[in-house]
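In what follows, a single structure is set out as C-alpha cells and then discussed.
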Amino acid sequence: MNKFHERLKELRKERQIKQSELAALLSVDQRTISNWENGLREPDYNMLIKIASVFEVSTDYLLGLE
C-alpha cells in the first residue's frame with residue numbers, strides 16, 4: 001500500500017509548513033498539495049524527487065518503502 005499521502009502530511013506538519021508554503025516551494029497550487037495529502041492524486045517522478053529534496057528524505061521513505 002502506498003503511504004505517500006500519509007508521509008507527505010506527516011513531514012509537512014512536523015516541520016510546521018503550511019500547504020501554501022510547500023506549494024510555493026514546489027511551484028504548484030495549494031490544491032495540488034491538498035490532493036496529494038488526501039490521496040486523490042500523486043506527483044510524477046520528477047516532483048517526487050523535488051519533494052524528497054525539500055524534506056531531505058529519500059523517495060523510498062516518501063513511498064513507504066523504508
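Tabulated values for the structure
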quantity	calculated
Extended-chain gain in nm, criterion 0.36 nm per residue less alpha-carbon gap, S53 and L40	2.5 nm
Computed log₁₀ I(q)/I(0) - Debye formula, equal Cα scatterers, no solvent, the chain, q 0.12, 0.14, 0.19, 0.28 Å⁻¹	-0.24, -0.33, -0.63, -1.56
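Every read-out reported here was derived from the displayed coordinates using simple, explicitly stated rules and does not represent laboratory data. Nothing here was measured: the structure is a model prediction, and the numbers come from that model.
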